[in-house]
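Chemist: Got a structure here, written out as structure tokens. Questions coming.
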Amino acid sequence: MDMPTPAEQMETIKKNTVEIISEEELNQKFKRSYETGKPLKCKLGFDPSAPDLHLGHAVVLQKIREFQELGHEVIIIMGDFTGMIGDPTGRSQTRRQLSEEEVKENARTYQEQLFKILHPEKTQLVFNSEWLSKLGFAEVIKLASKYTVARMLEREDFNRRYREGHSISIHEFFYPLMQGYDSVAIEADVELGATEQKFNILMGRHLQKEYGQEVQVALTTPIITGTDGVQKMSKSLGNYIGITEPASDIYGKVMSIPDDIMMEYFHLATTLEENEIEKIKKDLNLQKLHPRDAKMRLAREIVTLYHDSDAADKSEKEFTRVVQQKELPEDIPTVFLNAGEWGESPNIVNVLAATGLVNSNSEARRLINQGGIRLNGEKVSSIEENINLNEENLIQAGKRKYVKVRNV
């Protein structure tokens, strides 16, 4: 397929972007690429600080996929080296440094998940330890000399921590320098990232200039709101939708979002054409379309993206039966606990974590305090409640997750 014209490429890329620094530079790069047939090198970096990707990550992944489909080269930089420092962006204190083993395991799962969105045959995956681990101390000093402490403290999170008297470790200053050096190492033409990554991306432009390279274009994408409708999507906040979650979980989580962020999800989390999204918005405003039906359409679109249309059909039927018609799911798993090990009346918090309904004891306590746990149909009101293993117990977490628990 012939490469689209520079004007057509700009029209595609400008959708769902917050800022392009600069549009003129990107247009010139598109023109040169179009005339020479040489694709642009488009960079996106991930630090494998957690094992799962969610819809927040998918926003920028869908954008860089557009570059792929326009004929450009996509380079995903897996920050196995920078991941052991941890991105200080948005942090009020120093991030815990991950071990090499944690980074490697998270990086492995990222690779599996990335190709749910990107074309594997058109994606170059590299690890920044390939060049960062080889820098000698003299080279690190040279790199550090390219930026001043005063400029570093202009960064919002560093500035806030400095003003509030919170510690900033010297190694945290090296994070944006190393991420910027990644752009030098691969000679990136474009770097993409969420708006919170703007400082790090601009660092890449600065260092490329210092090292005598043509500077990359910085392109930032929006940050999607979490399922709570308030804060940005984050696994640590429990308001995320993972792209590898079971289809029924994705469907149910989408149906749980507040109506007022539904259009944001249509724009950022689906691949629907703009005119189709505008029609949905118009029909909602004219009350020709019920918000519930629009949200079901949204859930179907997202499940189909990360699973398939059959999974979307099945998830919709299950959601209608369980949530709207108040029936129990057909296949509720049973977890057997040994009363000899657990005691005959173990605490509900420990049981929730053991069944996998929650990821941790703290999440179990939070759900109980929010009224989100039911035991045998009754709301659990206290984190001190116990269950009787001599009977079969039906535990429900939220609106969609069920498990039966009994003694071995």
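Please treat every number below as a calculation from the coordinates, not as lab data. What you are looking at is a predicted structure, and each value in this text was computed from that prediction instead of being measured. Note that we place each Cβ from the backbone using ideal geometry, even for glycine, and neighbour counts take in every protein chain shown.
Chemist: Ranking Ser234, Ser33, Ser315, Ser167 by Cβ neighbours within 10 Å, fewest first, what do you get? Display every interim value, and only then the final one.
Modeler: Values: Ser234 16, Ser33 19, Ser315 25, Ser167 9.
Ranking Ser234, Ser33, Ser315, Ser167 by Cβ neighbours within 10 Å, fewest first, gives Ser167, Ser234, Ser33, Ser315.
Chemist: Tell me, Asp47, Asp293 in order of fewest to most beta-carbon neighbours within 10 Å?
Modeler: Details: Asp47 25, Asp293 12.
Neighbour counts put them in this order, fewest first: Asp293, Asp47.
Chemist: Using all Cα-Cα distances in the range 165-243, what percent lands in each 5 angstrom bin from 0 up to the longest?
Modeler: Going from the shortest bin to the longest, the percentages are 3, 15, 19, 15, 14, 16, 12, 5, 1, 0.
Chemist: Let me ask another. Taking 0.36 nm per intervening residue step and subtracting the Cα-Cα distance, what contour gain separates Glu196 from His166 on full extension?
Modeler: Values: separation 30, 0.36 × 30 = 10.80 nm, distance 2.04 nm.
Answer, rounded to one decimal: 8.8 nm.
Chemist: For a quick check, take a GNM of the chain with Cα springs below 10 Å and name the residue from His171, His57, His267 with the largest mean-square fluctuation.
Modeler: With Cα springs under 10 Å in the chain, the top fluctuation among His171, His57, His267 is at His171.
Chemist: Binned at 5 Å from 0, what are the whole-percent values of the Cα-Cα distance distribution for the range 247-324, short to long?
Modeler: Cα pair-distance distribution for the range 247-324, in percent: 3, 17, 29, 24, 18, 8, 1.
Chemist: Obtain the nm distance between the two label points defined at Thr244 and Glu378 by a simple spin-label model: each point lies 7 Å from its Cα along the Cα-to-C-beta direction.
Modeler: If labels sit at Thr244 and Glu378, their model points lie 4.0 nm apart.
Chemist: List the GluC sites (Glu not before Pro) within the range 120-176 that fall in a DSSP loop (any state other than H, G, I, E or B) and whose Cβ has at most 13 other Cβ atoms within 10 Å.
Modeler: Working: sites: Glu121, Glu130, Glu139, Glu154, Glu156, Glu164, Glu172; in loops: Glu154, Glu164.
In loop regions of the range 120-176 (DSSP not H, G, I, E or B), the sparsely surrounded GluC sites (Glu not before Pro) are Glu154, Glu164.
Chemist: Take the chain, connect every pair of alpha-carbon atoms lying under 10 Å apart with a spring to form a Gaussian network, then pick out the residue of Ser183, Ser248, Ser169 with the largest mean-square fluctuation.
Modeler: In the Gaussian network model the winner is Ser169.
Chemist: Also: Can you put Ile75, Ile280, Ile332, Ile373 in order of Cβ neighbours within 10 angstrom, beginning with the fewest? Mind showing how you got there, number by number?
Modeler: On the way: Ile75 21, Ile280 18, Ile332 13, Ile373 27.
Exposure proxy ranking, most exposed first: Ile332, Ile280, Ile75, Ile373.
Chemist: Give me the one-decimal nm value for the distance between modelled label points at His119 and Lys317, 7 Å along each residue's Cα-to-Cβ direction.
Modeler: Rounded to a tenth, the inter-label distance reads 3.5 nm.
Chemist: Counting only the backbone N, which residues of the range 338-354 are under 14 Å from the spot 7 Å out from the Cα of Val408 toward its beta-carbon?
Modeler: 338-344
Chemist: Please report the spacing between the Cα centers of the range 152-226 and the range 276-355 in Å, no decimals.
Modeler: The range 152-226 and the range 276-355 have Cα centres spaced 38 Å from each other.
Chemist: Also, I was wondering about something else. From Cα pairs below 8 angstrom and at least 6 apart in sequence, can you work out the relative contact order of the range 195-272, rounded to a whole percent?
Modeler: Values: 61 pairs, mean separation 16.8, N = 78.
Answer for the range 195-272 is 22 percent.
Chemist: Lysine pairs in the range 1-80 with alpha-carbon atoms under 15 Å apart, 8 or more places apart or on different chains: how many are there?
Modeler: For the range 1-80, qualifying lysine pairs total 9.
Chemist: I've got another one for you. Per 10 Å bin, what is the whole-percent P(r) computed from every C-alpha pair distance within the chain?
Modeler: Calculated over all Cα pairs of the chain, the distribution is 4, 19, 26, 24, 16, 8, 2, 0 percent.
Chemist: Filter the trypsin sites (Lys or Arg not before Pro) in the range 249-353 down to the DSSP loop ones having no more than 16 other Cβ atoms within 10 Å, then list what survives. Walk me through the numbers before you get to the answer.
Modeler: Numbers: sites: Lys253, Lys279, Lys281, Lys282, Lys288, Arg292, Lys295, Arg297, Arg300, Lys314, Lys317, Arg321, Lys326; in loops: Lys288, Lys326.
Loop-located and lightly packed - Lys288, Lys326.
Chemist: Given an 8 Å cut-off on Cα distances and at least 6 residues of separation, report the relative contact order of the range 192-348 as a percent.
Modeler: Once divided by the residue count of the range 192-348, the mean separation gives 17 percent.
Chemist: Still on this structure: Run the numbers for Glu112 and Glu100: contour at 0.36 nm per residue of separation, minus the present Cα-Cα distance, in nm.
Modeler: Working: separation 12, 0.36 × 12 = 4.32 nm, distance 1.89 nm.
Working it through step by step, the gained length comes to 2.4 nm.
Chemist: Give, in nm to one decimal, the length gained when the segment between Leu135 and Thr17 is fully stretched (0.36 nm per residue of separation minus the Cα-Cα distance). Working shown, then result.
Modeler: Working: separation 118, 0.36 × 118 = 42.48 nm, distance 3.44 nm.
Between Leu135 and Thr17, full extension yields an extra 39.0 nm.
Chemist: Note down the nm distance, to one decimal, between modelled labels 7 Å out along Cα→Cβ at Thr334 and at Met3.
Modeler: It works out to 6.2 nm between the two label points.
Chemist: 222 nm [θ] for the chain, helices only, -39500 (n - 2.57) per DSSP H run of 4+, per residue, to 500? All intermediate terms of the calculation are to be shown ahead of the outcome.
Modeler: Details: 18 runs with 184 residues, N = 408.
Calculated from helices alone, the mean residue ellipticity at 222 nm is -13500 deg cm²/dmol.
Chemist: Determine the relative contact order of the chain: mean sequence separation of Cα pairs under 8 Å and six or more apart, normalised by residue count, in whole percent.
Modeler: Details: 643 pairs, mean separation 54.9, N = 408.
Relative contact order of the chain: 13 percent.
Chemist: If you don't mind, another one. At most 15 other Cβ atoms within 10 Å and a DSSP loop assignment: could you name the GluC sites (Glu not before Pro) in the range 229-291 that fit?
Modeler: On the way: sites: Glu264, Glu273, Glu274, Glu276, Glu278; in loops: Glu273.
Qualifying residues, ordered by number: Glu273.
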